[in-house]
Amino acid sequence: MFDTLCDLVPRDGDYPDRVRRLDILNRVLDGSIYDVLPYHFHEERGPGGEYIPLRKRRPSVRYPLCRIVVEDSVSLLFSEGHFPAIDSSDPQIRDAFAGIIKETRLNFTMTEAAMKGAVGSVALLLRVLQGRIFVDVLDTMYLTPTWDPQAPDTLARVDERYKVSGADLIANGYAIDDPGAQYWFARSWDSSSETWFEPVPVETPSPAIVDATRTVSHKLGTVPIIWIKNLPGLSVTGDPCDGACTFTAAVHTQVEIDYQLSQVGRGLKYSSDPTLLLKDPALSDGDMVKGAGNALVVSEKGDARLLEIGGTASGAVIEYVRTLRELALESIHGNRASPERITSAQSGRALELLNQGLIWLADNMRTSYGEAGLLQLARMIVRASQAYSLVVLGQEVGSLDPAASLSLKWPRWYPTTAEDRQKDVQSLTSLVASGCISRETAARAIAAYYDIEHFPADPDAEDA
C-alpha cells in the first residue's frame, strides 16, 4: 500500500529523484502522506454509485508510529536533561559556550535539526549578526553540497535551488512582473560569501544574475554550514550526501496498521447501528425499500442481510495490530517497553536495559548530531571569534583559542535514583581520598545532577 501512495505523489521532472524521495519521507513524518488520496475512509460509493476501493481512501485512524520513534530518540538526545555540555581545557571557552547555549537556545535548535534530519540529512547555518550568534536549521531537500576534493570531509560549496511563486517573491520584496508564474529561487554559500541570485522564470530560464543587494560576505574562511548525515548505513535517496533514514523499515507496517484500525472502526460503527429488517406482503418480490429509522423493508418472500464484523474478528485484528507494532518497533529500535509492566520505581540502569533498542538508536545519533554536528558547530564558532567580536548575553567574550581542545560531556540516559546517587558519591569520595582523582574531576562527574557550572581548580576549594 505504501508503494501505491508513493506512485500518487506528484513527480516534478525539473528536480532530481532525491528531492522526490525526501518529499515522500517528510510526508510520512508529518502525517500528510495520505493527502494524495481523493476520498475519506467512510466514502464507500462515488457520485455514480460505483464502489471506491480501499486503496483510494484516506484511513480514518492514523497511528504515527514513525514519528513517535523519532521523537523518543530525539528526546534522549537533546532534551533539557540530556543535552551535552561543551567542555574544553580552556576555561574561557567553557564559560563562553555555557552562555552561548543559553542565549541561542541551542538545545531547541539541535532538537529541531534531529527531527528534520530523521529522513536522511540536515544542515546547520551559522550566522553572526552584530556580534551575536544565530544558528538556523536548513532542510536539505533542495540543497546540493560540493565537497573539497583535497579534504573530502570539508564542504567547498552548498547550493540551494527550488521553485517559488511570483506572489511569494513579491511578498518578500522582489520586483516580479507575473505574480502567477513560477520562478527559480537560488543562492549558494562558499568559503567567502553567501551569494543570492535574481529569480528567473521556470518556463524561460535565463542566465543566473547575482543579486548584489542581498549577497553578503561572512569572513569565516569556510562554508558556514555544518552538514549532518542522520545515521550510518544505506541512504534511501541513493545519494552519498544523505545518511540512513530513522524509520524506513517501519513505514509499510505503519500504513498497514492505519488501514487495519480504520477497518475495525468501520465495522464497530456498523455494529453500533444495526439495520432493522421488515417483511411486507404488499411488496412484490425483488423490491426493497430503505425505511426511516435505519430499516429495510422487503417483500414477504424477500430477504436482506447486512454483513458485519463481529467481536471475535475485532479482537483478532487488534491482536494483529499489536504484533505489527512490536515488529515495527523492533525493526527501527523503538521503545517497546509497556508502562503497565513497570510496577515499581526502577533505577537508571534498569531503565537502560528495558529500553536497550531505543538507546542503541540514540547512541548512534550522538555520533551524528553530537560529534559530527554540535561539536563541529562549536569549532566553527571558535573560528568565527577570530573574525568577529562575539557578544554573549550582552558581554564580549573576546577571541577564543582555536588550538584549545573541545569535547562533549553527555549525561546519563535516565535520571538516577537517590540510591544510585549515593553510591556515586561514595565511590567518588573514596577515589578522591585515595588520590586517584582530583576534586574537580569528581565534581565534573556529578555536575549534571546537581547543576554545577563552576569547578574548583584548587583541591582545597569548596565545591560550587
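The values are calculated or read from the model by the stated rules, or taken from the named source; none is laboratory data. Predicted model only: the values in this text are computed from it and were never measured. Positions of Cβ are generated from backbone atoms using ideal geometry, with glycine treated the same way; all protein chains shown enter the neighbour counts. All accessible areas refer to the heavy atoms of the entire protein, side chains included, with ligands and DNA or RNA removed. Shrake-Rupley method; radii C 1.70, N 1.55, O 1.52, S 1.80 Å.
For the criterion of being open to solvent by 60 Å² or more (accessible area, probe 1.4 Å) and either of a type in the set (Gly, Ala, Ser) or at negative phi (or both), GLU194 fails.
Just to be sure before I move on: is ARG187 open to solvent by less than 70 Å² (accessible area, probe 1.4 Å), under 30 Å from ALA378 (Cα atoms), basic (Lys, Arg) and free of Cβ contacts under 8 Å to residues at least 60 places away in the same chain in the structure I sent? Against the criterion (open to solvent by less than 70 Å² (accessible area, probe 1.4 Å), under 30 Å from ALA378 (Cα atoms), basic (Lys, Arg) and free of Cβ contacts under 8 Å to residues at least 60 places away in the same chain), ARG187 qualifies. Taken as a whole, the condition of being open to solvent by 60 Å² or more (accessible area, probe 1.4 Å), modelled with pLDDT of 75 or more and out of contact with any helix residue (DSSP H, G or I) (no Cβ under 9 Å at 6 or more places or on another chain) does not apply to GLU340. Within the range 116-134, can you find the residues that are open to solvent by 30 Å² or more (accessible area, probe 1.4 Å) and under 15 Å from GLU71 (Cβ atoms)? Once the filter is applied, which keeps residues that are open to solvent by 30 Å² or more (accessible area, probe 1.4 Å) and under 15 Å from GLU71 (Cβ atoms), the range 116-134 yields only LYS116. For the range 6-32, residues that are modelled with pLDDT under 90 and within 21 Å of the chain's Cα centre (by Cα) total 3.
In this entry, PRO232 passes the filter for residues that are open to solvent by 30 Å² or more (accessible area, probe 1.4 Å) and either more than 18 Å from VAL122 (Cβ to Cβ) or touching a Gly at 6+ places or on another chain (Cβ under 8 Å) (or both). Only one entry of SER60, SER73, SER79 meets the criterion of being hydroxyl-bearing (Ser, Thr, Tyr), surrounded by fewer than 16 Cβ atoms within 10 Å (Cβ to Cβ) and in contact with a Ser or Thr (Cβ under 8 Å, 6 or more places away or on another chain), and that entry is SER79.
Taking every residue in the range 249-276 that is under 14 Å from HIS42 (Cβ atoms) and open to solvent by 80 Å² or more (accessible area, probe 1.4 Å) and pairing it with any residue that is at pLDDT below 90 and part of a helix (DSSP H, G or I), at least 6 positions away or on another chain, the pairs with Cβ-Cβ distances below 8 Å are LEU268/SER314.
Checked against (1) open to solvent by 60 Å² or more (accessible area, probe 1.4 Å); (2) part of a strand (DSSP E or B); (3) at pLDDT 90 or above, TRP227 passes all but condition (1).
Note on the range 355-438: enclosed helices (runs of 4 or more DSSP H) holding 1 or more residues that are open to solvent by 50 Å² or more (accessible area, probe 1.4 Å), among the charged types (D, E, K, R) and touching a residue at least 12 places away in the same chain (Cβ under 8 Å) are 375-387, 418-433. Look through the range 47-57, keep the residues that are touching a strand residue (DSSP E or B) at 6+ places or on another chain (Cβ under 8 Å) and not in a strand (DSSP E or B), and return whichever of them is most open to solvent (accessible area, probe 1.4 Å). The residue in question is LYS56.
Close contacts from the range 120-132, counting a first residue that is of a type in the set (D, E, K, R) and a second that is open to solvent by 10 Å² or more (accessible area, probe 1.4 Å), with Cβ to Cβ under 7 Å and a gap of 6+ residues or different chains, come to ARG127/PHE134; ARG127/ASP136; ARG132/VAL391.
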